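Working notes, structure below.
The values are calculated or read from the model by the stated rules, or taken from the named source; none is laboratory data. Not measured: the values here are computed from a predicted model. Reconstructed Cβ throughout: ideal geometry from the backbone, glycine too, with neighbour counts over all protein chains shown. Surface areas here come from the heavy atoms of the whole protein model, side chains and all, with no ligands, DNA or RNA. Shrake-Rupley method; radii C 1.70, N 1.55, O 1.52, S 1.80 Å.
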Amino acid sequence: MPCVAAVGIATIKCGLFREIPVLRKYLLLIILIGMMTEVMSQEKSPDPVVDLSTMTDLSSLVEKLANKQVVFVGESHDQYQHHLNQLAIIKGLYAKHSDLVIGLEFFFQPYQPILDQYISGEIDETEMIRQTDYFNRWRFDYRLYRPILRFAREKGIPLIALNLESEITSQVGQGGIESLPEELKMRLPSQIDRDNEAYRSRLQEVFDSHPHRDGGDFERFLDVQLLWDEGMAQQAADWMQVHPDSHLVILAGVGHLMYRNGIPDRLLRRLPVSQAIVLNTNTLELLNRDLADYVVLATEQTLPPSGKMGILLDAEGSPLSISGFTKESGGAEAGLKKKDRLISIDDQPIASYADLRIALMDKAVGDTIKVEIERNRLFFGPTVKTYQVTLR
């Protein structure tokens, strides 16, 4: 049975909407921890307590979220079950608010017109992927997000590209904000709040937990995180100012939402909108009262592995050329060679890395594909050959 438990302001939930049966088995619990109010001993901090007797179903969570104008739903980017849970919440809220909008960390602000064209039906999914440079800029398996994006297109739900482009954040990470050219400085959020010590301390712990062979500088690391969070908050605020009655779901990494001091507080500083934070997690280790409003303890659900050709690419220029092979490569076994240039896969032209990823996106391990290549021959010039490659 779908279940939810509430402890004061805290909630534990499991199960999903009856109208989304494929999701029921993936969601075990939604947990928000209410902290004990009495100190048990001088030596021991209060332990969290969860009241399991108050369990209901996920629809109760949507009821609690429905009166909030902005709902943040956090994710670990590579966890499929997190995106299934996001989709369930989006469907539930859309049933209540036809003016729903979805803000996305994984698309970058300059590509907003492309998302608009995708939702309006002017371009199809593959063209949207190409024109947003998805596979070069985000790189996570597109299939993780595809159900959300297809539902948005089906219902005409606007999508907001929240993230600052990597040309800005990469340069800041290397040389600081002062190193940005003037045209990129003009793209920065108008407000950058550096005064939250809890935010700074949390990021310092993250920074210190990783080796920095290049002598990485914490202040630059902090600046990049601030630009991400302030930039996404600014983009969301800009939308809400133009559409003050709309309801917004923001999908972003857990680190941008936890403890509220990433995107949520920075949006609230700009606009006094009602908010709720739902985080997906696979562990209870970090749970405490200040973490979020609701936490989904998600059971693992993975996508089927996609088939791979086992080739290494020189992705500069077009067509793409093969620079090497992985161990047990289906491409090498079929007869492909280094410096071969990819022309097509199953008669789909391959002019870019995005074309290659799109062509292979729904291919499974064991599938056989037709690969057309161009190969230079000594003294005889280039020739075109076709091979049957079994994916590994």
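Against the list (1) modelled with pLDDT of 95 or more; (2) surrounded by fewer than 18 Cβ atoms within 10 Å (Cβ to Cβ), the condition Ile345 fails is (2). For the stretch 80-87, the criterion of being among the hydroxyl-bearing types (Ser, Thr, Tyr), open to solvent by 30 Å² or more (accessible area, probe 1.4 Å) and within 16 Å of the chain's Cα centre (by Cα) is met by at least one residue.
Is it the case that some residue within the stretch 284-297 is among the β-branched types (Val, Ile, Thr) and in contact (Cβ under 8 Å) with a residue 60 or more places away in the chain? Yes: one or more hits.
Among helices (runs of 4 or more DSSP H) entirely within the stretch 97-182, having at least 1 residues that are within 29 Å of Gly216 (Cβ to Cβ) and in contact (Cβ under 8 Å) with a residue 40 or more places away in the chain singles out 134-137, 166-175.
Can you list the strands (runs of 3 or more DSSP E) found entirely within the stretch 227-305 that contain at least 2 residues being at pLDDT 95 or above, within 28 Å of Arg143 (Cα to Cα) and in contact with a strand residue (DSSP E or B) (Cβ under 7 Å, 6 or more places away or on another chain)? Because the criterion is at least 2 residues that are at pLDDT 95 or above, within 28 Å of Arg143 (Cα to Cα) and in contact with a strand residue (DSSP E or B) (Cβ under 7 Å, 6 or more places away or on another chain), the strands (runs of 3 or more DSSP E) in the stretch 227-305 that meet it are 247-253, 275-281.
When the stretch 146-176 is filtered for residues that are over 25 Å from Val242 (Cβ atoms) and either of a type in the set (Phe, Trp, Tyr) or crowded, with 21+ Cβ neighbours inside 10 Å (or both), only Val172 remains. Within the stretch 127-145, being under 15 Å from the mean Cα position of the chain (by Cα) and open to solvent by less than 40 Å² (accessible area, probe 1.4 Å) holds for Ile129, Thr132, Tyr134, Phe135, Trp138, Tyr142, Arg143, Leu144, Tyr145. Among residues of the stretch 268-282 being touching a residue at least 24 places away in the same chain (Cβ under 8 Å) and over 23 Å from the mean Cα position of the chain (by Cα), the one that is most open to solvent (accessible area, probe 1.4 Å) is Arg269. Filter the stretch 325-379 down to the residues that are free of Cβ contacts under 8 Å to residues at least 60 places away in the same chain, aliphatic (A, V, I, L, M) and in a helix (DSSP H, G or I), then identify the one that is nearest to Asn136 (Cα to Cα). Looking at the filtered set, the residue picked out is Leu356.
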